[in-house]
1. With a/c under 1.5 counting as rounded, go ahead and sort the range 253-310 into rounded, prolate or oblate using the C-alpha gyration tensor (a ≥ b ≥ c being the square roots of the eigenvalues; past the cut-off, prolate if a/b is larger than b/c, else oblate).
2. If Lys and Arg each add +1 and Asp and Glu each add -1, what is the summed charge of the other residues whose beta carbon sits under 12 Å from the beta carbon of residue 183?
3. Pop a pseudo-label 7 angstrom from the Cα along the beta-carbon direction at both residue 289 and residue 133 and give the gap in nm to one decimal.
4. Once label points are set 7 Å from the Cα along Cα→Cβ at both residue 41 and residue 309, what is their separation, rounded to one decimal in nm?
5. By how many nm would the segment from residue 141 to residue 115 lengthen if fully extended, with 0.36 nm per residue of separation less the alpha-carbon distance?
6. Output wanted: per-residue J couplings in Hz (rounded whole) for the range 154-163, from phi through Karplus 6.51 cos²θ - 1.76 cosθ + 1.60, θ = phi - 60°, x for Gly and Pro.
7. Along the Cα→Cβ direction, 7 angstrom out, place labels at residue 300 and residue 122. What is the inter-label distance in nm?
8. Is the shape of the range 158-287 best called rounded, prolate or oblate, per the rule: a/c under 1.5 gives rounded, else a/b larger than b/c gives prolate, else oblate, with a ≥ b ≥ c the square roots of the Cα gyration tensor eigenvalues?
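Laboratory data are not the source of any read-out in this text; all were calculated from the coordinates shown. The structure presented is a predicted model; accordingly, all values stated were derived computationally and were not measured. Note: ideal-geometry Cβ built from the backbone for every residue, glycine included; neighbour counts use all protein chains shown.
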Amino acid sequence: MAYRRGHALVIVLMVVVVVSCFFTVLLSVPGRLYGYVNFAHKELQQIYDAESAIMSHLYRVPEDSVRKILPVEVRNLGAYREICAPLGESLADSCRRLCVQTVGRYRDMGYREWQRFAGEFRTGLYRRVEFAKAHRRESGNKHIFSLDSSLSLHVVDGDLRLDVDGRVPSANFIVDGDVKVSGKARYDTLRIFAQGRVDVGGNLQISLLEVFASDEVEIRGNVNFRGVVFSQRGFVIGGKSVAAYPSFAVAVGFGNARGMLADKASFAGLLVAPGGEVSLRSSALYDSSTRVLPAFDETEEFVFNRNFVQ
């Protein structure tokens, strides 16, 4: 009988321990839940502060009229503008900044306005190349076969042939003559400021393309890009090239400046020749509903993309 009573006592003690643990867990849940809610609230507040700073910049709100406004970093990426604001420490493990990308709202513009925009883009592109890291000058014709790191080069009194395979972080060129780009490569950034003609072909992926040419620009082959092309004489985008939104191709010369979307190329953005005309081949695809303007200082900007970055 005593043996049975001992068994019963053990069972009772086990039940007491289990119930005690159960109630302890229940009592700790509100505290943990409060911690999670407080953490989420802090994250949302940081995102709100960053968005407020970005919107204040977009709508040109005077800094002295808003208290504790966060600083923003603005980068002009040719086809669009990127505006970033910092996030707080609680988000630092996953992301450090909130960034938005903006373009200009479309409106009809005259030839003189496009000339002014072309001058603004020309000056900005020249500076972005000239002030890129480790910029140097070399004379004569240049033929580059391999490029496994970023490069900024001014080719003086010569032409440039860029025939590269593989991934290239950033390639920036000022060329006094003609430029020909080919190969099978992926460029994070490709900037070309040329006094002559620019030909881009091959099998290329270009995340950001910026081109200004005093002569014609021709993009053919299998070239996938997003960016801006300004040409004084005209442009042709053909082959199986794909221009992702938002992209811009502008022929800014007067009279004989023409643009053409040919072959099986597709273009999402704006094709324009303010002093000439743009022709579209029946096999090409142009989504005119995506017409926007580059994010220049005088355009009304709107946000088309939003992301968190490290």
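1. Numbers: a/c = 3.06, a/b = 1.50, b/c = 2.04.
Since a/c reaches 1.5 but b/c is at least a/b, the shape of the range 253-310 is classed as oblate.
2. Combined, the nearby Lys, Arg, Asp and Glu give +3.
3. About 4.2 nm separates the two model spin labels.
4. 3.2
5. On the way: separation 26, 0.36 × 26 = 9.36 nm, distance 3.05 nm.
Going from the current span to full extension adds 6.3 nm.
6. Here the 3J(HN,Hα) series is 10, 8, 8, 6, x, 9, 10, 10, 10, 10 Hz.
7. Placing both labels 7 Å along Cα→Cβ, they lie 2.9 nm apart.
8. Oblate.
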